[in-house]
1. In terms of solvent-accessible area of protein heavy atoms at a 1.4 angstrom probe, what is the ranking of MET88, MET150, MET69, MET20, highest value first?
2. In whole Hz, what ³J(HN,Hα) sequence does segment 71-76 give by Karplus (6.51, -1.76, 1.60; θ = phi - 60°), x for Gly and Pro?
3. Sort ARG180, ARG84 from largest to smallest accessible area, using a 1.4 Å probe on the heavy atoms of the protein chains.
4. Just the accessible area for ASP67, please: 1.4 Å probe, Å², rounded to the nearest 10?
5. In degrees, nearest 10, range 0 to 90: what is the angle between the Cα axis of helix 29-51 and the longest Cα principal axis of the chain?
6. Using only alpha carbon positions, build the gyration tensor of the chain, then give the equivalent ellipsoid semi-axes as the square roots of 5 times its eigenvalues, largest first, whole angstrom.
7. Between helix 137-161 and the chain, what is the angle of the helix's C-alpha long axis to the longest principal axis, kept within 0 to 90° and rounded to the nearest 10?
8. Where in the chain lies the longest segment free of chymotrypsin sites (Phe, Trp or Tyr not before Pro) that are both loop residues by DSSP (not H, G, I, E, B) and have at most 13 other Cβ atoms within 10 Å?
Amino acid sequence: WEARKLWGQLVNTSRSLVVMVRTWNWVDEGERNEFCQLVPGFAFALKEHLCNSWPPSGNLPLERIHDLMSRLSRWKLQAQIGERLYNMGEIYLSRFSDVLGGCERIKSTPLPLSHRTIIPQALVAYLLVLPAGLPNELYSVPICACVAYMLISLECIAEELQDPFGYHENDLPLEAICARL
């Protein structure tokens, strides 16, 4: 859920930044278009950064933020934008950095060892003891089977939700999110 919220923030921030820059008619149209194309490029770079081998060898999304910031700085130095517009752009790019950091935190935080070992062991112990605690032997087998199915399913779901970035069916649809920018 947190990863989904971060990607939602990225979509909103990207759109706001592009809308703002497109209104700067006094900046060269070609430069504005290049800038606006780099914005979704950040999202695609972030997707690749999170979905490929971890830890990554470089940080392409951070380089994209640097490229965007350099363009804003150049426009400010050339007096094409003022301090206020520069600061607004800087705020949007710091939100990109917040999204990058949040996603990296999610990706690099493994499920604690205690959860990976103790919870499954406790689950097995509970399921082994459960039949002894049921009063009616006739219904104990189907009840145990249903409880076992539900608890093991919950454990599998928890395992699946551990890493929301990737190309599996239950991962976030990052390709679709990037395409909507």
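The values are calculated or read from the model by the stated rules, or taken from the named source; none is laboratory data. Being a predicted model, the structure only gives us computed values, none of them experimental. Backbone-built Cβ (ideal geometry, glycine too); neighbour counts: all protein chains shown. Remember, those area values only see protein heavy atoms, side chains included, never the ligands or the DNA or RNA. Shrake-Rupley method; radii C 1.70, N 1.55, O 1.52, S 1.80 Å.
1. MET150, MET88, MET69, MET20
2. 5, 4, 4, 4, 4, 5
3. Most to least solvent-accessible, the answer reads ARG84, ARG180.
4. Approximately 60 Å² of ASP67 is accessible to the 1.4 Å probe.
5. Relative to the chain, helix 29-51 is tipped by roughly 20 degrees.
6. Over the Cα atoms of the chain, the semi-axes work out to 50, 15, 12 Å.
7. The angle comes out at about 20 degrees.
8. 27-166
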